[in-house]
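Student: First the structure, which I've put down as structure tokens, then a few questions once you've had a look.
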Amino acid sequence: MEDEAMFLKQYIQDIWGAIKSLATGMKRTGYYFTHHKEIITQQYPDNRDTLVLPERFKGEVVMIHDENNEHACTGCTACELACPNATIKIITKFDVDAETGKKKKAIDTFVYHLELCTMCNLCVEACPTDAIKMAQTFEHSVFDRSQLTKKLNKPGSKIRAGIE
Amino acid sequence: MWSLSNIAANIDQWLNANMSPTWALIVEMVIAGVAVIGLFAALGLVLVIMERKVSAWIQIRLGPNRVGPKGMLQSLADTLKLLVKEGMTPGGADKLLFNVAPFVAMIVAMLLLAPIAFAKDFQLWDLNIGVLYISAVSSISVISILMAGWASNNKYSLLGAMRSGAQIVSYELSAGLAVLAIVVLTGSLRISDIIQAQENGWWLFKGHIPVIIAFIIFIIAVTAETNRAPFDLAEAESELTAGFHTEYSGMKFALFFLAEYVNVFIVCAIGATLFLGGWMPFHIGNWHAFNGVMDWIPSSVWFFGKTFFLIFVIMWFRWTFPRLRIDQLLNLEWKYLLPISMFNLLLVTLIAIMGWHF
């Protein structure tokens with residue numbers, strides 16, 4: 001008798017729980033059905049001029065240059081080591097300081113293979129001097145694959161003073 | 001005043017005045033057949049675009065919005081594409097059964113339209129066992145699915161068809177018991193009697209909680225019977241490609257697709273007739289002014305409004321709930337719906353005998 005009462009209680013509880021959880025789901029979808037402002041679809045080529053991308057969207061790696069054409073890259077290769085699929089290759093050189101005559105390691109070319117990049121953001125997080133960041137450009141189609149291999153430091157740029 | 005029943009009566013009068021009664025009857029039958037086919041075509045177009053829009057909005061998408069104004073001609077374009085596509089018959093298939101199956105599905109759907117009252121005094125065939133006829137004929141649709149699955153000579157098709165068979169046979173029971181609740185309250189199987197009994201209030205409101213339970217069970221069971229999500233095991237895309245119609249293409253596929261949507265319309269129309277009063281306007285007791293306003297709305301608008309509301313609810317189910325596993329599906333029917341609907345039928349019978357309903 002006791003068992004049967006327990007069974008019946010459990011049975012009714014199961015039904016009640018099922019109805020409640022189904023109603024919760026229907027409430028959520030019903031909310032989306034009636035609130036069209038929630039729609040996230042972007043009608044891309046049509047709204048190309050007014051397109052607003054989400055904050056976290058990542059399109060490609062770029063190096064930050066200021067108005068004096070100076071960047072913050074020391075050539076430490078932390079990003080190259082952090083990259084899981086060899087997207088980045090850093091070629092370094094030795095600058096000779098004009099006053100002291102000391103040799104100093106500096107960046108020659110920051111090679112970035114966009115065609116290999118998975119936009120994982122690990123290089124940006126690895127960078128100790130915040131020299132690179134993720135840009136939101138995404139129209140990357142080109143006719144020749146070699147155009148996807150980019151040089152990130154601008155010609156004639158040099159490291160900003162005071163960054164070690 | 002223009003109404004569907006007036007138009008029908010005028011056509012009948014005109015035909016009988018101009019030709020012999022036999023020919024008048026034949027011409028009327030042809031007109032009815034053309035009207036049914038026309039309704040089918042219109043329903044297919046409207047329900048497909050409705051489903052796509054509802055699903056899009058529920059999933060925070062836009063849905064079709066390129067063909068025609070606001071994408072409303074999308075389903076027409078898709079139908080045209082299906083019409084001109086080649087209807088392949090696979091080499092290993094049973095040719096006769098394979099080609100007959102879609103037509104069986106379609107004919108069952110057509111037969112089911114006969115006893116449905118679309119408006120006041122507007123019904124193809126008001127037979128005295130209307131409800132029994134509906135539950136009997138709707139079971140035939142499983143034969144077309146089994147035919148298609150077997151004749152395709154394809155493991156996915158056969159599995160889908162077998163699942164569909166198990167599902168329809170199980171859920172027919174609780175759908176039948178839910179329908180019986182209304183039959184017990186009305187005391188008649190005739191559709192027009194059932195609608196007439198709801199003149200002073202729909203059964204959903206008059207019959208207390210047991211009728212509401214019967215209504216919920218009916219909606220769940222017909223969702224399963226029409227093989228729609230969350231009960232779409234018969235054509236579970238991720239497991240069985242497309243289930244019983246995997247091998248179908250072109251217009252033969254379109255017939256199955258159309259039959260599915262027309263079946264949704266039919267079960268919703270039956271649900272609206274039994275529980276929501278069919279074409280009967282919404283009346284509240286003695287509020288004569290309010291009832292007068294409600295009477296002013298045409299009966300066909302009431303019928304289609306209620307039916308499309310139920311169709312929307314079933315679409316809402318489809319795009320909210322995840323698919324059940326086959327054992328969960330049969331558990332739900334045999335351990336929950338069937339015992340509850342049997343107990344519920346007893347309660348409804350008690351209410352009917354004691355006259356406790358309004």
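Student: Can you name the condition, by its number, that B:Glu28 falls short on among (1) closer than 17 Å to B:Arg318 by Cβ; (2) away from chain A (no Cβ under 14 Å)?
Tutor: Exception for B:Glu28: condition (1).
Student: Do you know which residues across region B:54-66 are in a helix (DSSP H, G or I) and in contact (Cβ under 8 Å) with a residue 12 or more places away in the chain? If you could, list the steps in order and put the result at the bottom.
Tutor: Here is the first cut: in region B:54-66, the ones in a helix (DSSP H, G or I) are B:54-58.
Across region B:54-66, the qualifying residues are B:Val54, B:Ser55, B:Ile58.
Student: Inside region B:52-68, can you point out the residues that are at positive phi and either in contact with a strand residue (DSSP E or B) (Cβ under 6 Å, 6 or more places away or on another chain) or within 10 Å of chain A (Cβ to nearest Cβ) (or both)?
Tutor: B:Ile60, B:Gly63
Student: Mind telling me which of the residues A:Lys20, A:Lys89, A:Lys103 ends up being closer than 30 Å to B:Phe317 by Cα and either within 14 Å of another protein chain (Cβ to nearest Cβ) or over 17 Å from the mean Cα position of the chain (by Cα) (or both)? Show your work before the answer.
Tutor: Details: A:Lys89 fails: closer than 30 Å to B:Phe317 by Cα; A:Lys103 fails: closer than 30 Å to B:Phe317 by Cα.
Sole residue among the options that is closer than 30 Å to B:Phe317 by Cα and either within 14 Å of another protein chain (Cβ to nearest Cβ) or over 17 Å from the mean Cα position of the chain (by Cα) (or both): A:Lys20.
Student: Another question about this same structure. Return yes or no: is B:Pro298 in contact with an Asp or Glu (Cβ under 6 Å, 6 or more places away or on another chain) and at pLDDT below 85? Before the answer, list the steps.
Tutor: Working: in contact with an Asp or Glu (Cβ under 6 Å, 6 or more places away or on another chain): no; at pLDDT below 85: yes.
Considered against the rule, which asks whether it is in contact with an Asp or Glu (Cβ under 6 Å, 6 or more places away or on another chain) and at pLDDT below 85, B:Pro298 comes out as no.
Student: Let me ask something additional. Identify the single condition in (1) within 14 Å of another protein chain (Cβ to nearest Cβ); (2) surrounded by 11 or more Cβ atoms within 10 Å (Cβ to Cβ); (3) of a type in the set (Ser, Thr, Tyr) that A:Tyr44 does not satisfy, given that it satisfies every other one.
Tutor: (2)
Every residue, every condition in (1) touching a residue at least 12 places away in the same chain (Cβ under 8 Å); (2) more than 19 Å from A:Thr92 (Cα to Cα); (3) charged (D, E, K, R), yes or no:
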{"residue": "A:Asp108", "(1), (2), (3)": "yes, no, yes"}
{"residue": "A:Tyr112", "(1), (2), (3)": "yes, no, no"}
{"residue": "A:Cys127", "(1), (2), (3)": "yes, no, no"}
{"residue": "A:Asp144", "(1), (2), (3)": "no, yes, yes"}
{"residue": "A:Gln147", "(1), (2), (3)": "no, yes, no"}
{"residue": "A:Lys150", "(1), (2), (3)": "yes, no, yes"}
{"residue": "A:Arg160", "(1), (2), (3)": "yes, no, yes"}
{"residue": "A:Glu164", "(1), (2), (3)": "yes, no, yes"}
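Student: Hey, another quick one. Please state which one of A:Gly59, A:Gly30 is among the small types (Gly, Ala, Ser) and either exposed (fewer than 12 other Cβ atoms within 10 Å of the Cβ) or at the interface with chain B (Cβ under 9 Å from one of its Cβ atoms) (or both). Before the answer, list the steps.
Tutor: Details: A:Gly59 fails: either exposed (fewer than 12 other Cβ atoms within 10 Å of the Cβ) or at the interface with chain B (Cβ under 9 Å from one of its Cβ atoms) (or both).
The unique qualifying residue is A:Gly30.
Student: Looking only at region B:240-265, how many residues end up being more than 15 Å from the chain's Cα centre (by Cα) and in a helix (DSSP H, G or I)?
Tutor: Taking region B:240-265 and keeping what is more than 15 Å from the chain's Cα centre (by Cα), we get B:240-255.
Applying the additional criterion that residues be in a helix (DSSP H, G or I) yields B:240, B:243-245, B:250-255.
Going through region B:240-265 one residue at a time, the tally reaches 10.
Student: Find all pairs meeting these conditions: Cβ atoms under 6 angstrom apart; at least six residues apart or on different chains; first residue within region B:134-152 and farther than 13 Å from B:Ala259 by Cα; second residue part of a helix (DSSP H, G or I) and of a type in the set (Phe, Trp, Tyr).
Tutor: Short answer, once both residue conditions are applied: B:Ala148/B:Phe244; B:Gly149/B:Phe244; B:Ala151/B:Phe98.
Student: Hey, among the residues in region B:91-125 that are farther than 14 Å from B:Ile266 by Cβ and touching an Asp or Glu at 6+ places or on another chain (Cβ under 9 Å), which one's modelled with the lowest pLDDT?
Tutor: Among those that are farther than 14 Å from B:Ile266 by Cβ and touching an Asp or Glu at 6+ places or on another chain (Cβ under 9 Å), it is B:Ala93.
The values are calculated or read from the model by the stated rules, or taken from the named source; none is laboratory data. As the structure is a prediction and not an experimental result, all values here were calculated from the model. Using ideal geometry, Cβ is built from the backbone for each residue, glycine included, and neighbour counts are taken over all protein chains shown.
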